[in-house]
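One structure below.
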Amino acid sequence: MALVLDIASWILLLGGGALVTIGGIGIVRFPDVYTRSHAAGVTDTGGAGLILVGLMLQGGGTLVTVKLILILIFIFFTSPTATFALVHAAYESDEEPQLDHDLRNEPPDRETGS
């Protein structure tokens, strides 16, 4: 039984780490604040959730698991709220989203050549 919990825990930990890494790449590669905040908000909440659930499996039925549950609840409320506040501030300051036709009309990047 301990082996099954360890395997499930590591799958969740690796999945959460991969999700957070993908979100970090999205933050760097996406063109505007709206798509970047989407990448950050979704992958931050999901990746942190998977990591915390994996840690809960490792913690067992102890006080550590209760603390991890409280952290998970806190992240599930604060991360989407922070993402909304960031996007709302960008919208209120008249930040325009970068549309597909804007990307086609940009000159090629000198470093990448694309």
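The values are calculated or read from the model by the stated rules, or taken from the named source; none is laboratory data. All of these numbers come straight from a predicted model, not from anything done at the bench. Every residue, glycine among them, receives a Cβ derived from its backbone with ideal geometry; neighbour counts consider all protein chains shown. SASA here: full protein model, heavy atoms, side chains in, ligands and nucleic acids out. Shrake-Rupley method; radii C 1.70, N 1.55, O 1.52, S 1.80 Å.
In region 20-54, which residue that is over 30 Å from GLU92 (Cα atoms) and either in contact (Cβ under 8 Å) with a residue 60 or more places away in the chain or among the hydrophobic types (A, V, I, L, M, F, W, C) (or both) is least open to solvent (accessible area, probe 1.4 Å)?
Step by step, filter region 20-54, then rank; the result is LEU52.
Return yes when LEU50 is part of a helix (DSSP H, G or I), out of contact with any helix residue (DSSP H, G or I) (no Cβ under 9 Å at 6 or more places or on another chain) and of a type in the set (A, V, I, L, M) and no when it is not. Talk me through it step by step, then tell me what you get.
On the way: part of a helix (DSSP H, G or I): yes; out of contact with any helix residue (DSSP H, G or I) (no Cβ under 9 Å at 6 or more places or on another chain): no; of a type in the set (A, V, I, L, M): yes.
Considered against the rule, which asks whether it is part of a helix (DSSP H, G or I), out of contact with any helix residue (DSSP H, G or I) (no Cβ under 9 Å at 6 or more places or on another chain) and of a type in the set (A, V, I, L, M), LEU50 comes out as no.
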